[in-house]
Amino acid sequence: YEREVLSGELKADFMQGRGANAYYQSLVDEFAWNLSLGGSYESSALTEVRAVYDYMDRNASLRGTGVRVGASSPSVNDVRGHTGRLEALWSYSPLLKLGPALRMSTRSGDGGSRLNSMGPGLSVDYRVTNVLTLDASTALNWYDYSPGGGSDTFVSAAFRASYRTSPLWSVGVGLGRDLVASSTQAGAFTERTYCRVNYQRQVGRNSLSVGLGAGFDETVSATGVSGPERS
């Protein structure tokens, strides 16, 4: 939805999977969906206010025993997360926008543990050329576990670059890190660092995208007991 000074966007993604991978290390049936709602308002020719809300829900169930011989009995947990971000951007130049942000998030999973975080951040949009755009955001999050857990700080970040190689082809790169609830350890949370690359081809009014992603997970726990690292 777009008007002269106001715009809004709603996105929904669904995924159904079956099999085994290095993350679960077990045979699982998995269903995940994500919902994103965003909007922006241009309060003047040089200032813009943005708000984004994201919801993630991931559900998995075991189909068999673990794939590793001698390993302990595998487990999977349903996880969900809410993230809200409010940004105030100032047009430093026709190519550059930057400004402060406030980020809030909640992560939870089976076992009743919950992680709440809030913190200030910075957002930057930069149009290098007509075919290359960059945008980045980062925030210092103070988070605490409930019920009865500890607290700590964590720096979340997201970087995206888009390059249009021709009128029909474009390539995108994304890097980031965030805290999510662990799908394999009840009461634990994961520091996740990821990278994604995708190629997109315009086909008439439609587009076809093919991508590749890689990530690294380090588990942290409300009880102070760390789980295995995975990539």
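Kindly establish whether residue 94 is more than 22 Å from residue 114 (Cα to Cα) and modelled with pLDDT of 95 or more.
Considered against the rule, which asks whether it is more than 22 Å from residue 114 (Cα to Cα) and modelled with pLDDT of 95 or more, residue 94 comes out as no.
Taking the stretch 98-122 on its own, how many of its residues are in contact (Cβ under 8 Å) with a residue 60 or more places away in the chain and buried (at least 20 other Cβ atoms within 10 Å of the Cβ)?
6
Would you mind stating whether residue 90 is assigned to a strand (DSSP E or B), closer than 30 Å to residue 170 by Cβ, over 17 Å from the mean Cα position of the chain (by Cα) and in contact (Cβ under 8 Å) with a residue 12 or more places away in the chain? So residue 90 fits the description; yes. Does residue 144 satisfy being in contact with a strand residue (DSSP E or B) (Cβ under 8 Å, 6 or more places away or on another chain) and open to solvent by 50 Å² or more (accessible area, probe 1.4 Å)? Yes: the conditions hold for residue 144. The residue list 215, 176 contains one member that is open to solvent by less than 60 Å² (accessible area, probe 1.4 Å), modelled with pLDDT of 90 or more and either more than 22 Å from residue 85 (Cα to Cα) or not in a loop (DSSP other than H, G, I, E, B) (or both), which is 176. Among the candidates 197, 171, 155, the residue that is aliphatic (A, V, I, L, M), in a strand (DSSP E or B) and over 25 Å from residue 85 (Cα atoms) is uniquely 171. Among the residues of the stretch 28-46, those that are at pLDDT 90 or above and in a strand (DSSP E or B) comprise 31, 32, 33, 34, 35, 36, 37, 38, 39, 40, 41.
The values are calculated or read from the model by the stated rules, or taken from the named source; none is laboratory data. On a predicted model such as this, the values are computed, not experimentally measured, just so you know. We place every Cβ from the backbone using ideal geometry, glycine too, and count neighbours over all the protein chains shown. These area figures cover heavy atoms from the full protein model, side chains too; ligands, DNA and RNA do not enter into them. Shrake-Rupley method; radii C 1.70, N 1.55, O 1.52, S 1.80 Å.
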